[in-house]
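Colleague: Handing you a structure now.
Where a number appears in this text, it was derived from the coordinates with a stated rule and is not lab data. These numbers come from a predicted model, not from an experiment. Every residue, glycine among them, receives a Cβ derived from its backbone with ideal geometry; neighbour counts consider all protein chains shown.
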Amino acid sequence: MNGDLPGTQGGVVFKEVTKTYPDGTNAVDRLDLEIRSGGLVSLIGPSGCGKTTTLKMINRLEEPTSGTITVEGEDILLCDPVELRRRIGYVVQEISLFPHLTVAENISVVPSLLGWSAKKTRARVDELLSMAGLPPEKYRFRLPDQLSGGQKQRIGVLRALASDPKVILMDEPFGALDPISREVLQNELVSLQKNLKKTIVFVTHDMGEAIRISDRIVILRKGRVEQEGTAEDIRNSPKNDFVRSFIGEDRLSRMSPDDPAESIVEEPWGMSAPWESAADVLERMEENDREFIQVVDPKSGQWLGMALLGRVRRAASAGETVMKGIYRERKLYAGDATLRDAAEMLADRDISIPVVGEDERFLGVITSAALARLAVERLRSGREEGKQS
Ligand SMILES: Nc1ncnc2c1ncn2[C@@H]1O[C@H](COP(=O)(O)OP(=O)(O)OP(=O)(O)O)[C@@H](O)[C@H]1O
Ligand SMILES: [Mg+2]
């Protein structure tokens, strides 16, 4: 950190900030918070604790009900909001790149608004693309459709950096990515930040992510700061059970391969009732880009099978119900199956595994994504334990 006097200049400072929405919801409650210049601070806390609201007040997408916020020493309520937003980078989870603009044009939105010359803008775009490991000659003219999810998110980050703002706000920017891409982007952000030294306010609900990327962590609860400090401060002396439940003590990192498989069961993306026509189900599967769907009796909750895309297609052309397309051989029994069984089955064929209980009652599915998350979580906790000892 760069020795700015706290509260007098630099960074982002909240003083007694309250935000009450028109319906009476108290989203942020007399919040005092100081984010020093050049730091990367994560705001973390349960859903609804006010993270997004806090962030949006910094670029005046929401106005505080009372209190003051300064950015780089300036009271933001005295700034023109549009001009303020151009000075602050903003990245959200579902970044919306303009679909009809190229990568280069997307990145240059703010520089264009600021009236940069074409030459300066182009040089900046190329510099940013290279920094993010995307060769400019290859990516400059691509359209967003021609990018992977991780690449789109990267372009979103570059767009926020384009005009070289001092402050960047990020609201769960990597939340929608798979665990592997997420970790890659987190690492990239950390190495970018080493050189750029922006003031970054990063909202997340993933403590692992917060620990990996930030200098300081602010745990929010009901619109107020519950605890604040470095990851180590918080880990060494969590203030209370609420904080404890947020740090390292997660269930996932302590699991073993012999643990019951149902511990990572999730809701399937969708289900079908047995009497639905294969044609309707097919449409749903295609819309969602899925190769299988669980068929469950809505009354008894009994699992009847998993319908596979090819079979559903054939059943649809024959005018049959979805039941013609099901497959029943691949499933796990709760209480019996372990995580190892699930991993072996997924390694064999990478489609969700249905998990059933007594009387074939459907409990949910195990996906390779859930298993990958678990693996990443375990690796990470192993690494962190290693670091500490
Ligand atoms: N426009 C709005 N009008 C009324 N209430 C709102 C509005 N936006 C948010 N809220 C409420 O304010 C509270 C804080 O919301 P906020 O979006 O800041 O939470 P969050 O910490 O970002 O949650 P999440 O982790 O789910 O994104 C919640 O109770 C939410 O329902
Ligand atoms: Mg939010």
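Colleague: Tell me, what is the percent relative contact order of region 200-243, built from C-alpha pairs under 8 Å that lie six or more residues apart?
Modeller: Values: 32 pairs, mean separation 11.1, N = 44.
This gives 25 percent for region 200-243.
Colleague: Select from Gly319, Gly150, Gly45 the residue whose mean-square fluctuation is largest in a Gaussian network model of the chain (Cα-Cα springs shorter than 10 Å).
Modeller: With Cα springs under 10 Å in the chain, the top fluctuation among Gly319, Gly150, Gly45 is at Gly319.
Colleague: Tilt of helix 339-348 relative to the longest C-alpha principal axis of the chain, in degrees (0 to 90, nearest 10)?
Modeller: 80
Colleague: Okay, moving on. List the residues of region 154-170 whose backbone N lies under 16 Å from a point placed 7 Å from the Cα of His100 along the Cα-to-Cβ direction.
Modeller: Nothing falls inside the zone, counting backbone N under 16 Å.
Colleague: When the chain is fully extended, how far beyond the present Cα-Cα distance does Glu291 get from Asp359, taking 0.36 nm per residue of separation? Walk me through the intermediate numbers first.
Modeller: Details: separation 68, 0.36 × 68 = 24.48 nm, distance 2.60 nm.
Gain on stretching Glu291 to Asp359: 21.9 nm.
Colleague: Which semi-axis lengths, in whole Å and largest first, follow from the square roots of five times the eigenvalues of the Cα gyration tensor of region 30-144?
Modeller: On the way: eigenvalues 193, 59, 37 Å².
Taking √(5λ) for each eigenvalue gives 31, 17, 14 Å, largest first.
Colleague: Let me ask something else. Could you calculate the FRET efficiency of Arg284 with Leu77 from 1/(1 + (r/R0)^6), where r is the beta carbon distance between them and R0 is 45 Å, rounded to 0.05?
Modeller: Numbers: r = 48 Å, r/R0 = 1.07.
Calculated value: 0.40.
Colleague: Have a look at Trp275, Trp116, Trp303 and tell me which one the Gaussian network model of the chain (Cα, springs below 10 Å) gives the largest fluctuation.
Modeller: Maximum among the listed residues: Trp275.
Colleague: Could you check how many percent of all C-alpha pairs in the chain are farther apart than 39 Å?
Modeller: 31
Colleague: What percent do you get for the relative contact order of region 261-372 when only Cα pairs under 8 Å and 6+ apart count? Can you show the working numbers first?
Modeller: Details: 221 pairs, mean separation 33.8, N = 112.
Relative contact order for region 261-372 comes out at 30 percent.
Colleague: So if we plug the beta-carbon distance of Ser191 and Ala375 into 1/(1 + (r/R0)^6) with R0 = 22 Å, what FRET efficiency do we get, rounded to 0.05?
Modeller: Working: r = 24 Å, r/R0 = 1.07.
Rounded to the nearest 0.05, the efficiency is 0.40.
Colleague: What net charge is computed for the residues neighbouring Ile351, neighbours being all others with C-beta under 11 Å from the C-beta of Ile351, Lys and Arg scored +1, Asp and Glu -1?
Modeller: Working: positive: Arg290, Arg330, Arg349; negative: Glu291, Asp348, Asp350.
Here the count lands on 0.
Colleague: Right, something else. Identify, among Val103, Leu55, Gly325, the residue whose Cα sits farthest towards the positive end of the charge dipole of the chain, taking +1 on the Cβ of Lys and Arg and -1 on the Cβ of Asp and Glu, with the dipole about the Cα centre.
Modeller: Positive-most Cα among the choices belongs to Val103.
Colleague: Write down the percent of antiparallel bridges among all DSSP beta bridges whose residues are both part of region 12-251, to the nearest 5.
Modeller: Working: 18 of 37 bridges.
Close to 50 percent.
Colleague: Reachable lysines from Lys19, Cα under 24 Å, same-chain residues fewer than 8 places away excluded?
Modeller: In chain and number order, the partners are Lys51, Lys56, Lys222.
Colleague: Where in region 79-119 does the amide nitrogen come within less than 18 Å of the point 7 Å from the Cα of Asp164, taken along Cα to Cβ?
Modeller: Correct set: 86-90, 107-119.
Colleague: Place a +1 charge on the Cβ of each Lys and Arg in the chain and a -1 charge on the Cβ of each Asp and Glu, then give the dipole magnitude about the Cα centre in debye, rounded to the nearest 20. Walk me through the numbers before you get to the answer.
Modeller: On the way: 53 positive and 61 negative charges, 252 e Å.
Dipole of the chain, to the nearest 20 debye: 1200 debye.
Colleague: In sequence order, what are the phi-derived ³J(HN,Hα) couplings for region 156-164 according to the Karplus relation 6.51 cos²θ - 1.76 cosθ + 1.60 with θ = phi - 60°, rounded to whole Hz, with x for glycine and proline?
Modeller: With coefficients 6.51, -1.76 and 1.60, one gets x, 5, 5, 4, 5, 8, 3, 8, 6 Hz.
Colleague: What is the magnitude of the charge dipole of region 1-92 about its Cα centre, with +1 placed on the Cβ of each Lys and Arg, -1 on the Cβ of each Asp and Glu, and no other charges, expressed in debye to the nearest 20? Please list the in-between numbers first.
Modeller: Numbers: 10 positive and 13 negative charges, 56 e Å.
With only Lys, Arg, Asp and Glu charged at Cβ, the dipole is about 260 debye.
Colleague: Can you find, among Leu143, Met170, Val157, the residue farthest towards the positive end of the dipole of region 137-176? Put +1 on the C-beta of Lys and Arg, -1 on that of Asp and Glu.
Modeller: Value computed over the given set: Leu143.
Colleague: How far is helix 118-131 tilted, in degrees, relative to the longest principal axis of the Cα atoms in the chain, given as a value from 0 to 90 rounded to the nearest 10?
Modeller: With both axes taken from Cα atoms, the answer is about 50 degrees.
Colleague: Mind checking the angle between helix 368-388 and the chain's longest principal axis? C-alpha axes, 0 to 90 degrees, to the nearest 10.
Modeller: For helix 368-388, the angle is close to 50 degrees.
Colleague: Taking the chain as a Gaussian network, Cα atoms linked when under 10 Å apart, which of Leu78, Leu114, Leu220 shows the biggest mean-square fluctuation?
Modeller: Leu78
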